[in-house]
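J.: Pasting a structure below so you can have a look.
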């Protein structure tokens, strides 16, 4: 990483993703969202369901065509019609790990073929032996063994399946991995194993993550920087430290106060700060981004920001 | 002290399932006590038998299940106002359906979208049980249902009665499910992962709601969950389950501040809290055992760094630590070498205790 002039790996500018289920009705799933991810960094997206976390992930990897805004990945604009080069960069250097490992693996393919599919499509080997070698080394890297090569997804446990999902993403040597709720479906003890694996991979390959999750203690543990979303708007973003030590937006405060703590003495007297958009008097359509300090940015009107920061 | 009123007593429950791969021994001697007005949480990994034991208590076991041994004693007030005790395992399905399910024992499931009927307005779904079990007229049932919706915090209840599940948000739907569960004034509410599908903010609201209802109605609640944060919030007593057995039981402070079983140590260490900043999370090595194969000794031995030679041969009995706290590990046997919990966990529990007091 060159610290002097860090170029963001991914830049998302004024991203809007609207859906029009009916002629007279538009769902603004993502509305004017800005953030960037630097190489080797973990960026966590948090927010309630329906806040647009997953939509952002899918727009960034171009499973959706953004309504407007810019997505710049490795210096190439990938928000509009893709040129062949842009498509190749996108499809080999950005990968996704999905939530439900059973639903995201083809039950009729062997593990070897599932993992090798990317190699096949992008013709990244010269011989069958090389292909097999690559797949086996990835299997080892994610903690599976070479004997698993010819097995089928149903023969694995949930944690192992998620490892296959991770192996499939890793084999292309991606610069950015979008992990969409990739640990939510797993048990506590398995979650820890998968998160450790993601950390090891990051240390080894230097890939960056867009980590989408609703478990805030996990996000806090894993992410370098965090973006807080609500109703499609990015309300607050900053380093994990900045967000958790000094949450400014009322929604962020409410979210952090609601995290269950595994400590009965503390938990039994914890007070949840309520937040209701409708009655809060806050309008997400007016206001602008205010940089407080460092990278800590909060969205709101001048008056709101002054009020929220003075309260502490 | 007033004698506590025991409402559910599960004794040595042993259940296996016939499957195409062989017999799965899902529960291997489970004991759970529950007193009126108290909250018990059952924690464990998937496949540890949490849900199976509660399904057995509701008489909802799948047809391929065999009960090998055990008793499930449930005490409730019958229609003439007397306390009646029934062994759920000895009653036939029809009797349970008519007298227990929904009426005295009600369940809240994980996913509110799949536990509601998408083709029926919620008003009718709530009144259905009331009319069947309490024998009220349609009009009376409707009024009761509306009051229930108000009780679970749905403000425009009269209007909402005509809505279909898809018109409600996830939190609202779960409130409706709770209203249905409460509709026949049950003695026992079983919540199977009631908030797993919900966001943290809504989770907190739903848990507060269940706690409030529990207090005003004086009912008992069983939570099935793997979220230790939820357990810390709601539970009076905690049962830790592993591979079809309860391995540790105690009140919530004993389990969180003085855990005795290595599996509980592992569970507590694996979960990051907001102050975790270690480089790596602690993980329990290995994976849960396959219950297709019988295990002679302690099922946890293979994953237990503190396993003793005897763990391979014989299953440990429950060793009593205090009146309420016991754990099934040979480490508590007087002959066992003295083993302390991992230093990191000890430091963390110390910090938790300090935070709890501060």
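J.: Considering only region B:1-114, give the strands (runs of 3 or more DSSP E) lying wholly within it that have at least 3 residues that are within 30 Å of residue A:190 (Cα to Cα) and either within 14 Å of chain A (Cβ to nearest Cβ) or within 15 Å of the chain's Cα centre (by Cα) (or both).
T.: Correct list: B:22-35, B:39-43.
J.: Just the residues that are outside any helix (DSSP H, G or I), within 14 Å of another protein chain (Cβ to nearest Cβ) and surrounded by 18 or more Cβ atoms within 10 Å (Cβ to Cβ), please, taken from region A:167-191.
T.: Once the filter is applied, which keeps residues that are outside any helix (DSSP H, G or I), within 14 Å of another protein chain (Cβ to nearest Cβ) and surrounded by 18 or more Cβ atoms within 10 Å (Cβ to Cβ), region A:167-191 yields A:181, A:183, A:185, A:186, A:187.
J.: A further question follows. Quick one: is residue B:267 assigned to a loop (DSSP other than H, G, I, E, B) and within 12 Å of chain A (Cβ to nearest Cβ)?
T.: Values: assigned to a loop (DSSP other than H, G, I, E, B): no; within 12 Å of chain A (Cβ to nearest Cβ): yes.
So residue B:267 does not fit the description; no.
J.: Tally up the residues in region A:239-251 that are without any contact (Cβ under 8 Å) to a residue 60 or more places away in the chain and either within 9 Å of chain B (Cβ to nearest Cβ) or farther than 17 Å from residue A:218 by Cβ (or both), please.
T.: Selection size over region A:239-251: 7.
J.: Could you list all residues from region A:255-275 that are surrounded by 12 or more Cβ atoms within 10 Å (Cβ to Cβ) and in a loop (DSSP other than H, G, I, E, B)?
T.: A:258, A:259, A:260, A:261, A:262, A:263, A:268, A:270, A:272, A:273, A:274, A:275
J.: Within region B:167-181, which residues are under 21 Å from residue B:129 (Cβ atoms) and within 14 Å of chain A (Cβ to nearest Cβ)?
T.: B:168, B:172, B:173, B:174
J.: Out of the strands (runs of 3 or more DSSP E) lying entirely within region B:182-252, which hold 1 or more residues that are away from every other protein chain (no Cβ under 14 Å) and under 21 Å from residue B:125 (Cβ atoms)?
T.: Of the strands (runs of 3 or more DSSP E) lying wholly inside region B:182-252, those with at least 1 residues that are away from every other protein chain (no Cβ under 14 Å) and under 21 Å from residue B:125 (Cβ atoms) span B:188-192.
J.: Further, regarding this structure: Residues being part of a helix (DSSP H, G or I) and closer than 14 Å to residue A:105 by Cβ: count how many of those fall in region A:140-166. Full working, then the answer.
T.: Taking region A:140-166 as the starting set, the residues that turn out to be part of a helix (DSSP H, G or I) are A:140-141, A:146-150, A:153-155, A:158-166.
If we keep only those that are closer than 14 Å to residue A:105 by Cβ too, we end up with A:148, A:153-155, A:158-166.
Residues that pass the stated criteria total 13.
J.: Find the residue count for region A:259-295, including only residues that are over 30 Å from residue B:228 (Cβ atoms) and touching a helix residue (DSSP H, G or I) at 6+ places or on another chain (Cβ under 6 Å).
T.: 1
J.: Sticking with this one: Looking at region A:192-221, which of its residues are at the interface with chain B (Cβ under 9 Å from one of its Cβ atoms) and either crowded, with 20+ Cβ neighbours inside 10 Å or closer than 20 Å to residue A:54 by Cα (or both)? Please lay out each step first, then the result.
T.: First pass over region A:192-221, keeping only residues at the interface with chain B (Cβ under 9 Å from one of its Cβ atoms): A:192-193, A:195-196, A:199-200, A:214-218, A:220-221.
Correct list: A:192, A:193, A:195, A:214, A:215, A:216, A:217, A:218, A:220, A:221.
J.: Counting just the residues of region A:277-312 that are surrounded by 11 or more Cβ atoms within 10 Å (Cβ to Cβ) and in a loop (DSSP other than H, G, I, E, B), which one comes out farthest from the other protein chains (Cβ to nearest Cβ)?
T.: Per the stated criteria, the residue is A:301.
J.: Pick out the one residue from B:117, B:111 that is more than 23 Å from residue B:215 (Cα to Cα), touching a helix residue (DSSP H, G or I) at 6+ places or on another chain (Cβ under 8 Å), surrounded by fewer than 18 Cβ atoms within 10 Å (Cβ to Cβ) and in contact (Cβ under 8 Å) with a residue 40 or more places away in the chain.
T.: The match here is B:117.
J.: So which pairs qualify, if the first residue must be in region B:343-358 and more than 10 Å from every other protein chain (Cβ to nearest Cβ) and farther than 15 Å from residue B:254 by Cα, the second must be modelled with pLDDT of 85 or more and part of a helix (DSSP H, G or I), the Cβ gap must be under 8 Å, and the two must be at least 6 apart or on different chains?
T.: Close Cβ pairs satisfying both conditions: B:344/B:269.
J.: Would you confirm, using the coordinates I've provided, whether residue A:230 is closer than 30 Å to residue A:277 by Cβ, surrounded by 22 or more Cβ atoms within 10 Å (Cβ to Cβ) and within 12 Å of chain B (Cβ to nearest Cβ)? Lay out the reasoning, then the answer.
T.: Values: closer than 30 Å to residue A:277 by Cβ: yes; surrounded by 22 or more Cβ atoms within 10 Å (Cβ to Cβ): yes; within 12 Å of chain B (Cβ to nearest Cβ): yes.
Yes; evaluated as a whole, the condition is true for this residue.
J.: Here's another thing I want to ask about it. Out of B:305, B:289, report the one residue that is in contact with a helix residue (DSSP H, G or I) (Cβ under 8 Å, 6 or more places away or on another chain), assigned to a loop (DSSP other than H, G, I, E, B), in contact (Cβ under 8 Å) with a residue 24 or more places away in the chain and surrounded by 13 or more Cβ atoms within 10 Å (Cβ to Cβ). Before you say what the answer is, go through the steps one by one.
T.: Numbers: B:305 fails: surrounded by 13 or more Cβ atoms within 10 Å (Cβ to Cβ).
Criteria check complete, one pass: B:289.
J.: Determine whether residue B:255 is touching a strand residue (DSSP E or B) at 6+ places or on another chain (Cβ under 6 Å), within 14 Å of chain A (Cβ to nearest Cβ) and either assigned to a helix (DSSP H, G or I) or within 23 Å of residue B:147 (Cα to Cα) (or both).
T.: Yes; evaluated as a whole, the condition is true for this residue.
J.: Applying the selection to region B:315-341, what residues are in a loop (DSSP other than H, G, I, E, B) and within 28 Å of the chain's Cα centre (by Cα)?
T.: We begin by selecting, within region B:315-341, every residue in a loop (DSSP other than H, G, I, E, B); these are B:315-318, B:321-325, B:328-329, B:333-341.
Result: B:315, B:316, B:317, B:318, B:321, B:322, B:323, B:324, B:325, B:328, B:329, B:341.
J.: Do the conditions hold for residue B:331, that is, is it modelled with pLDDT of 90 or more and more than 12 Å from every other protein chain (Cβ to nearest Cβ)?
T.: So residue B:331 passes the test.
The values are calculated or read from the model by the stated rules, or taken from the named source; none is laboratory data. Computed from a predicted structure; not experimentally measured. Heads up, the Cβs are rebuilt from the backbone with ideal geometry, glycines too, and the neighbour counts pull from every protein chain shown.
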